[in-house]
Amino acid sequence: MAIILPNQVNQQKNIMKKTTFAFSITATLSVVALTTFLKANAQTPSPSAIAPKFISFKDAKNFKIKGNGNPFQPSNLQQVTKPDKPDDKEFKNRAVIGWDDRTPMLSRQYPWSAIGRVQGITTENKEYHCTGTLIAEDVVLTNAHCVINPETRKLSQRIAFSPNVINGKVANQADVAEVVNVVYGTDFGGSALENQTNDWAILKLDKPIGLKYGYLGWKSLSDATLTRNQKAYIFVGYSGDFPNPNNQKYQFFTAGAGFTASAQAGCSITQAQSNVLFHDCDTTGGSSGGAIIGVIDNKPYIVGLNNAERRDGSTNLGLKIDFLDKLAGN
């Protein structure tokens, strides 16, 4: 479903009710960030890799994102709307089954090709994963809490990005990229609101895999536009509870939960306040860093970034992506 921009319809007034943050962002994000790997066959950062260099946003004056927020579709990849249209032989003959709101991402076509797993090792040598999206030929967008432990504020010692992981596999192992630089919005030393609205990180890769897999654009939309377009967004994440290998209808997913992304179409941003987005896209641990995607003029753009759940379970949280404009020099 396409997003309707203000210049396409009459602008509507959207009065936002003031909402208090009844959650501890540090504790919530810590649980999500330390989602451990479920299988040993996942591609993890190489032990011989050099630890990435971390740079705070305020010190990243010389860091610029190429592409100016425009999406890039490689000429050899089709743009397909259905993420569950399989390309790998092992899934082509699977039975047609009834999925829940989340659909398994089985396509290796664009834009699904640009979404992958952020895989890291903490200073305590614990492995974890989040979700990331290519936004330039060698740049991935994810959460800050996917590279910095919110409780200890310690930095991950190794980080890698595996593009378009399906059933624990990438199309080519040579395309798994090491992260060499990280620009982060927060090190979780601020208030809960500051940590929430700055919970983003930009990962600079050691190879330009976006030229092969493509990358998404982004658009900084107004609060009114974001909330007016109900059931218009797509969310993709490597959730730690999906697909459940004990469920008969997921028998094809031998790698287990967290190793095939789930995609949900038709979710909404219900409120936007102080750069915080409240959305109803289905998320669990591992889907942190996943992009909230809108289709604008038939092209995929990131319009928000998922990062947390509220304690009462009433809604999920994200943040606006205005910071990307600054990093692109706009």
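The values are calculated or read from the model by the stated rules, or taken from the named source; none is laboratory data. As the structure is a prediction and not an experimental result, all values here were calculated from the model. Ideal geometry is used to build each Cβ from the backbone, glycine not excepted, and the neighbour counts take in all protein chains shown.
Inspect all residues belonging to the range 187-194 and state whether any of them is assigned to a helix (DSSP H, G or I), out of contact with any Phe, Trp or Tyr (no Cβ under 7 Å at 6 or more places or on another chain) and on the phi < 0 side of the Ramachandran plot. Show your work before the answer.
The initial filter retains those residues of the range 187-194 that are assigned to a helix (DSSP H, G or I), namely 192-194.
From what is left, the residues that are out of contact with any Phe, Trp or Tyr (no Cβ under 7 Å at 6 or more places or on another chain) are 194.
Of the ones still in play, those that are also on the phi < 0 side of the Ramachandran plot are 194.
The answer is yes; a qualifying residue exists.
I'd like the full set of residues that are part of a loop (DSSP other than H, G, I, E, B) and more than 17 Å from Arg102 (Cα to Cα), limited to the range 267-281. Even if it seems obvious, please write down each step before you answer.
The first filter runs over the range 267-281 and keeps only residues part of a loop (DSSP other than H, G, I, E, B), leaving 268, 274-275, 280-281.
Residues satisfying the conditions are Ser274, Asn275.
What residue, among those in the range 222-257 that are in contact with a Pro (Cβ under 9 Å, 6 or more places away or on another chain) and at pLDDT 90 or above, is surrounded by the most Cβ atoms within 10 Å (Cβ to Cβ)?
Taking the range 222-257 as the starting set, the residues that turn out to be in contact with a Pro (Cβ under 9 Å, 6 or more places away or on another chain) are 222, 224-225, 228, 234, 236, 242-243, 249-257.
Applying the additional criterion that residues be at pLDDT 90 or above yields 222, 224-225, 228, 234, 236.
On the way: Ser222: 14, Ala224: 15, Thr225: 23, Arg228: 20, Ile234: 22, Val236: 28.
Here the answer is Val236.
Is the range 217-231 home to any residue that is among the acidic types (Asp, Glu), over 14 Å from the mean Cα position of the chain (by Cα) and under 18 Å from Pro111 (Cα atoms)? It would help to see each step written out before you state the result.
Step one: of the range 217-231, the residues among the acidic types (Asp, Glu) are 223.
Cutting the leftovers down to over 14 Å from the mean Cα position of the chain (by Cα) gives us 223.
If we keep only those that are under 18 Å from Pro111 (Cα atoms) too, we end up with none.
Looking through the range 217-231, none of the residues is among the acidic types (Asp, Glu), over 14 Å from the mean Cα position of the chain (by Cα) and under 18 Å from Pro111 (Cα atoms).
For Thr103, which of the numbered conditions (1) in contact with a Gly (Cβ under 9 Å, 6 or more places away or on another chain); (2) at pLDDT below 90 fails to hold?
Result: Thr103 fails condition (1) only.
Within the set of pairs 6+ apart or on separate chains, which have a first residue in the range 282-309 that is without any contact (Cβ under 8 Å) to a residue 60 or more places away in the chain and assigned to a strand (DSSP E or B), a second that is surrounded by fewer than 24 Cβ atoms within 10 Å (Cβ to Cβ) and among the charged types (D, E, K, R), and C-beta atoms under 8 Å apart?
Pairs found: none.
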